Amino acid sequence: MARPAYSPDAAHGAHRPTAFPLALAIVCLIVYASLYPFSEWRNQGISPLRFLTAPLPKYWTGFDVGINVLGYAPLGFLLALSALLRGRRPILAIALAVLGAGLLSLTMETLQSFLPSRVPSNVDLALNTLGAWLGACCGWGLDKAGLVDRWARLRARWFAPDARFALVLLLLWPPALLFPASVPLGLGQVFERLESALAEALADTPFLEWLPVRDVELQPLVPVAELLCVALGVLIPCLLGYCIIRTLWQRAAFSMAVIAVGIFASALSAALSYGPEHAWAWLDSPVQAGIGLGALLAALLLALQRRAAAALALLALAVHLALLNQAPADPYFAQTLQIWEQGRFIQFYGAVQWLGWIWPYAALLYLLVRLSGPEYAARAEK
């Protein structure tokens, strides 16, 4: 029997699914990874679809197979899940997921024909489609086993009905931490890069003279400022969760999980970038004190009303970004790209870097929209 059409007024249907927004985020990451470095576009004098009938490559590795399958499996999973939650039949949901992911892969491989540094491949297209099919089947299997409905009931108990985009932001926070930052748990450090990019774009134009010039170079943060920045980096996702979680014990459990995930993601980033022996090198005294202060503040603010939590999260984000953008960019960026398998993961790592840059500003926009909506004031206190 087909699932009833998704209804916002159903028992747990008031909670809009997060599968489709997450799928859109993964599409953005795939586009970045597929078209990096986005330079030297040109027509190479061959049909962009010629790769479809090209001979199979003579050389391939298990890594190539795995990354092409695994890269599209989450997309297939989320697209199928989104279709199932909207009442589509399983066969149709899987077909739509595979078709959508396959068209995306075909588009990416076709566009790679215009990038001399990339090589389109019919094998990549087939593996991407296979990965999407496996992910879609996994989504259908979880739905058939009742796990999706269990998650919906769990979400209804833990989160407010308007939690959709906050949950997407919270799920994207750990991947955003994977790229090394100048300050641990510091996301959104873009000032110096924007300044350099703007100067480069305005070079050889009269507008370059309008660009403000700093009198001194950016200096690393002093220990107290670094401590505060780390504390806010811990507190911000906790407050974001408080915006959608009502009870004290649920907030306490959530904040402990957030802090543990943040520490683990930062350690994983250091291990992947500089070697397992350096996994905890970032955890010096100011950082430890900052994490402790962030945890203490998260505990003291457990009883905040949802609207107050949103307002405080907005303030914390503004202070965090102001502090963080006073520090220079990570000096080990070039070394990081070399260490990571001589560039094997540059596309993925670049996508993660963009996620780290954008995440706090997306959270800032989300909080502004939520606080400015007149209907949110009434909903937030329920």
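No value in this document is a laboratory result; all are computed from the given coordinates. Quantities reported herein were computed from a predicted structural model and do not represent experimental measurements.
How large is ³J(HN,Hα), in whole Hz, for each residue of the stretch 81-97 in order, when computed from phi with the Karplus curve 6.51 cos²θ - 1.76 cosθ + 1.60 and θ = phi - 60°, using x for Gly and Pro?
4, 4, 5, 5, 5, 9, x, 6, 5, x, 5, 5, 4, 5, 5, 5, 5
So what is Rg over Rh here for the stretch 9-148, counting just Cα atoms and using Kirkwood for Rh?
Looking at the stretch 9-148, the ratio lands at 1.05.
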